[in-house]
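> One structure follows; several queries about it will come next.
Readers should treat all values here as calculations from the given coordinates under stated rules, not as data from a laboratory. Predicted model only: the values in this text are computed from it and were never measured. Here Cβ is always computed from backbone atoms with ideal geometry, including for glycine, and neighbour counts include all displayed protein chains.
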Amino acid sequence: MFFLRENNTHPAFKEAARAMLPMATGIAAWGLMTGVAMVKSGMSVVEALAMTFLVYAGSSQLASIPLIVASAPLWVILATGFCVNLRFVVFSLHLRPYMMHMPRWRRMLNGYLTADMSYAMFTRRFPNPGTTPEQWREEEAFLSGNYFVTWTSWMASSVIGIVLGNLIPTSWGLGFAGVLCLVGILCSLANTPIRRVSALIAGAAAVAAYSLPLKLNIVVAILVAVAVSFWLEKHASSAEGQAA
Amino acid sequence: MNTPGTELWTVLVIVGLAAVTVLSRCFFFIFDRPWALPAWAERALQYAPVAALAGVVAPEIVMQAGHLVPTWHDARLFAGPVGALLFYWRRNVLATIAGGMAVYLPLHLGLGW
């Protein structure tokens, strides 16, 4: 937590904040677009601000906006948000050994504030979890410095986007920047051949099954893509076995 | 069941989505006891995140009002792939947004695509 003195006075806090600073412009651009997209979709300023400060997850916000506008059932919106957030579930498995020495409230607050960029920078800086209290303090201070910068730039730019949103005509289609942002995250996740195939199949399946109610096309897309990926995984490893 | 447009409903959705953020970001370290998903579920987590995002994004680029876009005169069809290529070139989401919009806006506002 960046508001605790023991974290923000540690030298690792400054080191982490300085390392994250170059990313702040990218995060700010994304926040700005998310802010604009929320207002342009018809959410009130209060709702958009509440979403920014509570949800703090750009991709699930962007994915849920059209569902909120269409008044989809609550569980559908939450399930879609969780699907888009599945990458964080993978991150949390990786982060567990770094977190377990803390009390639960502290783990959960750190976890809540750790988004894509902080996770990536933190695990690159500390490839192995610390074992001594000094190492734990350094890790938490570093992580806090990372997400202090991401949180601040995200919040400030989102608020600016929410304020500016009302000044920009919807017909300009600036909301498409939100889709492009998801395209960027998608490409960053598609970092192995099977994952790229998985993305292509899921995209095609989601389009083909679009007429299903309750956004079930996304669930169909995940199921089909994961099934094909499993098959490819098995096929690739048995081909390797034959070659050897 | 769902009362469209009421503010209370939207606030409920927002609080629910905040809970989803906490649940997903803390998923494996909420409980003290070590535990693991079944092996198939951990394998699925290798591919499900990218599939979920692709499932959300693809219709936003190639569909209009529930149908495939009937014409290639649609700015999104060009801006989306350009944004993806830019990511592989620059490894930067900002490049995807900026470059994609640089393709999208002239086509959309200039030519009305």
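> How big is the Cα convex hull of chain A in projection, averaged over all directions, in nm²?
Its average projected convex-hull area is 16.1 nm².
> Rank the residues A:40, A:14, A:215 as a footprinting-exposure proxy: fewest other Cβ atoms within 10 Å of their Cβ go first.
Ranked by crowding around the Cβ, least crowded first: A:14, A:40, A:215.
> Here is a further query. Compare A:211, A:92, A:198 in a GNM of chain A, Cα atoms joined below 10 Å, and give the one with the largest fluctuation.
With Cα springs under 10 Å in chain A, the top fluctuation among A:211, A:92, A:198 is at A:211.
> By count of other Cβ within 10 Å, fewest leading, how are B:87, B:31, A:2, A:88 ordered?
Least crowded to most crowded, the residues run B:31, A:2, B:87, A:88.
> Among A:79, A:208, A:199, whose mean-square fluctuation peaks in a Gaussian network model of chain A (Cα, cutoff 10 Å)?
A:208
> If R₀ is 51 angstrom, what is the calculated FRET efficiency for the pair residue A:6 and residue B:42, using the beta carbon separation as r and rounding to 0.05?
Efficiency, rounded to the nearest 0.05: 0.90.
> Right, here's the next one. List the residue ranges in chain A for DSSP H helices whose C-alpha atoms run 18 angstrom or more along the long axis and whose Kyte-Doolittle average is 1.6 or above.
Span-like helices, by this rule, are A:176-189.
> Between residue B:91 and residue B:72, what length in nm is gained on full extension when 0.36 nm per residue of separation is reduced by their alpha carbon distance?
Full-extension gain reported as 4.1 nm.
> Give the separation of the Cα centroids, segment A:15-35 to segment A:96-169, in Å.
With segment A:15-35 and segment A:96-169 each reduced to a Cα centre, they are spaced 12 Å.
> Calculate the radius of gyration of the Cα atoms of chain B to one decimal place, then report Dmax, the largest Cα-Cα distance, as a whole number, both in Å.
According to the Cα coordinates of chain B, Rg and Dmax are 19.6, 59 Å.
> Excluding same-chain residues fewer than 8 positions from residue A:215, which aspartates and glutamates have a Cα within less than 15 Å of its Cα?
Within the straight-line limit of under 15 Å, residue A:215 reaches these aspartates and glutamates: B:60.
> How much of the pair distance distribution for segment A:190-244 lies past 15 Å, counting alpha-carbon pairs only, in percent?
Result: 51 percent of Cα pairs exceed 15 Å.
> Could I have the simple spin-label model distance between residue A:234 and residue A:124, label points 7 Å from Cα toward Cβ, reported in nm to one decimal?
Roughly 3.7 nm, to one decimal.
> If you don't mind, another one. For segment A:1-32, list residues with backbone N below 17 Å from a point placed 7 Å from the Cα of residue A:132 toward its Cβ?
Under 17 Å, as judged by backbone N against the label point of residue A:132, lie A:11-12 of segment A:1-32.
> Taking chain A as a Gaussian network, Cα atoms linked when under 10 Å apart, which of A:51, A:43, A:102 shows the biggest mean-square fluctuation?
A:102
> Oh, and also: What is the distance, in nm, between label points placed 7 Å from the Cα along the Cα-to-Cβ direction at residue A:93 and at residue A:172?
4.3
> List the DSSP H helices in chain B whose Cα atoms stretch 27 Å or more along the helix axis and whose mean Kyte-Doolittle hydropathy is at least 0.5.
B:7-26
> Here's another thing I want to ask about it. If each of residue A:46 and residue A:214 carries a label point 7 Å out from its Cα toward its Cβ, how far apart are those two points in nm?
Simple spin-label model gives 3.1 nm for this pair.
> Now for a separate question. Excluding residues fewer than 8 places away in the same chain, name every one of the lysines whose C-alpha is closer than 20 Å to that of residue A:14.
Correct list for residue A:14: empty, as no lysines qualify.
> Expressed in whole Å with the largest first, what are the equivalent ellipsoid semi-axes of segment A:1-80 derived from the C-alpha gyration tensor as the square root of 5 times each eigenvalue?
Those come to 32, 14, 11 Å.
> Further, regarding this structure: Which ordering of A:144, A:41 is given by a fewest-first count of other beta-carbon atoms within 10 Å?
A:41, A:144
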